[in-house]
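Data block below; observations after.
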Amino acid sequence: MEIVLIVLVFIALLLYIVWLPFFKGLNKGENNNEAQENPEDNLRNDTNVKLYKEHKAEIEKDFSDGAIDEESYQYLLTELDNSLLQDIESAKKSPSSVIGSKNFSVLWPLSLSLFIIAFSLALYLKQGTLAALMATPSAGHGNQQAQTSAEQKAQVQAQQEQMLAYIMELQQHLEKEPDDGEAWYNLGQTFVSAGEFDMAITAFEQVIGIEGEQADLLGAIAQASYYRNNQQIDEQVQNLIDRALALDINDPSTNILLGMHNFIAQQYEKAIGYWQRVIDAKRQGVNSNALQEAVNEAKNRLGMSSINSNQPVQPKVTGPKLTVSVSLADEVAQQLAQGEDKVVFIYAIPTDGQRMPLAALKLMASDLPKVITLSNENAMSPANNLSSVSKVHIYAIVSKQGGAGIKSGDFKAEIQNVSVDNTETINLVVDSFVE
């Protein structure tokens, strides 16, 4: 609409400028046609008449004074009259001129007006077409972008609806079967995806209440708490991480969390170590390819060459290595054979009273007897490992509930004050019942 108004104003202004001189000239010509038709002839006639009168007055004066006679007087008057008539006839025969502006021809303002109108129409059509192209969706980039945006919105909305429907389905199922640990776990994972971290933590805690404390559950709670805390590891999150790694040093959720946290902090070597630990463990349900891509990206940022996921490079382990032979006493083996397989934790703790393991491994009772190695590779954090102390206490715990720590009903074996520089095999025989 704005371009239409601009074009109309433009046309009106130009037409006014073009036609105004024409109409002025035409009006002036009509008003002054007689006065300005032949002004040069009028001036000449007036001059001749004036001279005629002056000459006639001189002749009459000479005649009255007696300077000339009657015959000469009449002759001079006749000659004067003839001279005046000749001058008038000569003026009529000379070409007429017009002083002032010449009469305007209507052709040139008409032609210019047609040009202005045609130019304005062409400008409008061009501008209007451009505006239409910009405003109207086409098969080009603009239409594709709008269509892509609409598709993305539709996909997001569909995913949200599916997620909400799945949450409602799980909640209805748990009202009927509140002891279904798998359903509670799936509900917690869905809440994490939806950004409802408090509800996710509650769901994971329900699973622990049903199935006992496990590394993957503590790791899941640690992840939800980490995101709720704006991706910061505070004391509460660190406690969850420590407890999870004490149960399973290779727990995927916990190690992936630590790898991501260190990657964000540009601690790429640490991030690689945590992610590589998960890749090497080859757990089911872990997307090793995605983790390998993350490892490659971290290595690229360090200037290291990428490696293929099918050719993992084992990290070089330095520091103390304690070789421990773990076995079950005959009485304990007989009791355990009557029930389900139990989880066995082998770990080393400082001798200064702290309970946080410096190195830990998780086995099953059916794996025993077995010789294992405790080293910095089994540390739960780079700052707390066997290299940070000189002596440790070593424990082997067969857990009744499957959780970390020493609880009533567990079986245990321990050896005190072992030097971390010890190179001999340490024998641990699980033979004690915890009251």
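The values are calculated or read from the model by the stated rules, or taken from the named source; none is laboratory data. All figures in this text were calculated on a predicted structure; none of them were measured in a lab. Cβ placement follows ideal geometry from the backbone for every residue including glycine, while neighbour counts extend to all protein chains displayed.
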Problem set entry | Of the criteria (1) more than 30 Å from the chain's Cα centre (by Cα); (2) surrounded by 19 or more Cβ atoms within 10 Å (Cβ to Cβ); (3) hydrophobic (A, V, I, L, M, F, W, C), which one residue 281 fails | (2)
Exercise. When you go through (1) over 21 Å from residue 403 (Cα atoms); (2) at pLDDT 90 or above one by one for residue 161, which number turns out not to apply?
Worked result: (2)
For this session: Go over the candidates 250, 239, 289, 230 one by one and state the one that is in a helix (DSSP H, G or I), polar (S, T, N, Q) and modelled with pLDDT under 90.
Result: 289
Problem set entry | Which listed residue is within 22 Å of residue 350 (Cβ to Cβ) and either of a type in the set (Phe, Trp, Tyr) or buried (at least 22 other Cβ atoms within 10 Å of the Cβ) (or both), from 246, 298 | 246
Problem set entry | Index of the failed condition, residue 348 passing every other in (1) surrounded by fewer than 14 Cβ atoms within 10 Å (Cβ to Cβ); (2) small (Gly, Ala, Ser); (3) at pLDDT 90 or above; (4) within 30 Å of residue 271 (Cβ to Cβ) | (1)
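Condition check ((1) touching a residue at least 24 places away in the same chain (Cβ under 8 Å); (2) touching a Leu at 6+ places or on another chain (Cβ under 9 Å)) across all residues:
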{"position": "221", "(1), (2)": "no, yes"}
{"position": "225", "(1), (2)": "yes, yes"}
{"position": "230", "(1), (2)": "no, no"}
{"position": "235", "(1), (2)": "no, no"}
{"position": "240", "(1), (2)": "no, yes"}
{"position": "247", "(1), (2)": "yes, yes"}
{"position": "256", "(1), (2)": "yes, yes"}
{"position": "259", "(1), (2)": "yes, yes"}
{"position": "265", "(1), (2)": "no, no"}
For this session: Considering each residue of region 365-393, count those that are under 53 Å from the mean Cα position of the chain (by Cα), closer than 15 Å to residue 324 by Cα and not in a helix (DSSP H, G or I), and give that number.
Result: 5
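Kindly indicate which of 252, 178 is of a type outside the set (D, E, K, R), closer than 23 Å to residue 401 by Cα, surrounded by fewer than 20 Cβ atoms within 10 Å (Cβ to Cβ) and not assigned by TED's automatic domain parsing to the domain that holds residue 344.
178
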